[in-house]
Every structure is written in structure tokens, then in C-alpha cells.
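Presented below is the structure to which this report refers.
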Amino acid sequence: MNNTKTWLEGIGKTIDAKNAKAFSEYITEDGSFRFGNQPEVAGRKAIEGYVAEFFKMLKASQHEIINWWDNNDHIIWEGRVTYTRLDDKKVVVNFTNVFYMKNGLIDKYNIYIDNTPLFAN
């Protein structure tokens, strides 16, 4: 994929804008999404709804790119996210996203993250 970093920045900005519809448009119609140890969600509309509910639990987020790898079929994004909780507490968490690509869209989106600190007192 041409300019993978710019593409990843776009996904990050979409998430940070809490735009579930725009986020879902990075994924194929019948794609799947798995966030940490949560069950997999299948289908663009279901993913949009799932992500919209998650966004309601946050005041804000800011995604960073630490590194990435792209072989056209798979893209791996090593990153860091700073969440701002509804109580204004900031929580920094490292993550790795693995994207299985199909025709320029994500067909399978797996997030490897431990969000435990986000929900701790």
C-alpha cells in the first residue's frame, strides 16, 4: 500500500474523532473486528455499532504510531494510545493492530491490547 504511515494516521484520526461510521469504512462489508480479549464482531454495520458504544466510554483518545510493517496482504501497527476517561484521568496503553487486507480494505482487524488500566480506579 502506498504511504502506509499516512493511511495509519488516517485511521488514528478517525478513531480520535470518535467517528464510528468513518472507522467502519476502513473495513470490508463482511469484515471482522476483535478488540483485545473481547468476542469478534462481524460485518461493517455491527462493527460501527460496537465501536460507537466504546467511544461513549471515553472523553477522548490520541493514537501514536511507533512502527509499522506492510507486505500488502497484512499491515501491522505498533502504537500507543492515550485515553482520556470521562473523569478526565489520562491512561496510556501500548497496542499492536494486525490488519488482514483485501482489495485495499481491512478484512480482519485484530487489536492486541490490555485495556485493564482504562477501567481501573
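The values are calculated or read from the model by the stated rules, or taken from the named source; none is laboratory data. What you see is a predicted model, and the numbers here were worked out from it, not measured in a lab. Every residue, glycine as well, gets a Cβ built from its backbone with ideal geometry; the counts of neighbours run over all protein chains shown.
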Which of (1) hydrophobic (A, V, I, L, M, F, W, C); (2) in contact (Cβ under 8 Å) with a residue 12 or more places away in the chain; (3) under 21 Å from ASP114 (Cα atoms) does ILE27 not meet, given it meets every other one?
(3)
Of the residues HIS74, HIS63, only one is farther than 24 Å from ASN121 by Cβ and out of contact with any Lys or Arg (no Cβ under 9 Å at 6 or more places or on another chain); which?
HIS74
Inter-residue pairs, beta-carbon under 6 Å, first without any contact (Cβ under 8 Å) to a residue 24 or more places away in the chain and in the range 88-109, second surrounded by 14 or more Cβ atoms within 10 Å (Cβ to Cβ) and among the aromatic types (Phe, Trp, Tyr), 6+ apart:
THR96/TYR112; ASN97/TRP77
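Per-residue answers, yes or no, for (1) in contact with a helix residue (DSSP H, G or I) (Cβ under 6 Å, 6 or more places away or on another chain); (2) at pLDDT 95 or above:
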| position | (1), (2) |
| --- | --- |
| THR14 | yes, yes |
| ASN19 | no, yes |
| ASP30 | no, yes |
| PHE33 | yes, yes |
| ASN37 | no, no |
| VAL41 | yes, yes |
| LYS45 | no, yes |
| HIS63 | yes, yes |
